[in-house]
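Colleague: Pasting a structure below so you can have a look.
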Amino acid sequence: MSAVAKVVVAALGGGVLMFLVGAVAHVGLGLESRALRPLPGEAPFRDVLRTMPLTPGMYQYPSMEDQAGAGDAAARAEALAAAWKEGPSGILVVVPTGEEPMGPVQLGGEVVANVLAAGLAAVALLLQGPATWGRRFVGFLLLAPVSWLTLTLSHALWYRFPLAFTLDGLVVAALEWAVAGAFMARVLASPPAACDTG
């Protein structure tokens, strides 16, 4: 099998496996979603939001714009810090109305994203030259903490995601890359002779 064919097979198979493992982790085991709690007084809260001119997007509160009357930039930053500490503080994500919570855009987009991630990882590991199944597998496993450290943990630090959500993200990433990586490493493993001379 050519290198291009190996990458295609690894990307498609690995991406689908990642999607399936992610579905089991999120839907079956409740990982990450268990950190989401219902909002007390949700109905009145949603009624208030409907009266506001909110378009789909991310909103933070308090914000620097809310401190406009505080004076210059330094005074606004100081007022923002005080308002943040006083609380409540957070982020509100407003999604477009009329969408399904779990529709074809989310499911299809997740499959495509997983296939692309698997494909890019396959190319990156093939560029390292000949390697055994074990070396390839370890390479795929290492992608879990790398992606978690640079994305999930970073978001947790800046946006204050709960610890349970953050740690669950690492578990999900490790499960996805372990299962997909085992398959992909098999597809991309070099013959023993190539590894010995490589």
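Colleague: Could you give the length gained by full extension between M58 and E78, i.e. 0.36 nm per residue of separation minus their alpha carbon distance, to one decimal place?
Modeller: Going from the current span to full extension adds 4.9 nm.
Colleague: Oh, and also: Starting from the Cα of C195, move 7 Å in the Cα-to-Cβ direction to define the label point; list residues of the range 3-28 whose amide nitrogen is under 19 Å from there.
Modeller: Answer for this model: 3, 6-7, 10.
Colleague: How far apart, in nm, are two points set 7 Å out from the Cα along the Cα-to-Cβ line at H155 and at L49?
Modeller: 1.7 nm
Colleague: While we're on this one: So what is the diffusion coefficient of the range 88-198 in µm² per second by Stokes-Einstein at 4 °C and 1.567 mPa s, using a Kirkwood Rh over Cα pairs?
Modeller: The Stokes-Einstein estimate is 79 µm²/s.
Colleague: I need the Kirkwood Rh of the chain: take the reciprocal of the average 1/r across all distinct C-alpha pairs and report it in angstrom.
Modeller: Every distinct Cα pair counted, the radius reaches 20.1 Å.
Colleague: Something else now. Please get the size of the charge dipole for the chain, origin at its Cα centre, with Cβ charges of +1 on Lys and Arg and -1 on Asp and Glu, quoted in debye to the nearest 20.
Modeller: Here the size comes out at about 620 debye.
Colleague: Between helix 104-126 and the chain, what is the angle of the helix's C-alpha long axis to the longest principal axis, kept within 0 to 90° and rounded to the nearest 10?
Modeller: Relative to the chain, helix 104-126 is tipped by roughly 50 degrees.
Colleague: For helix 133-147, report the angle its Cα long axis makes with the longest principal axis of the Cα atoms of the chain; keep it between 0 and 90° and round to the nearest 10°.
Modeller: Computed tilt is about 10 degrees.
Colleague: So what's the angle, to the nearest 10 degrees on a 0 to 90 scale, between helix 3-23 and the longest Cα principal axis of the chain?
Modeller: On a 0 to 90 degree scale, this one is about 40.
Computed from the coordinates by the stated procedures, all read-outs in this text should not be read as laboratory data. These figures come from a predicted structure and were not determined experimentally. So basically every Cβ, Gly included, is an ideal-geometry build from the backbone, and we count neighbours across all protein chains shown.
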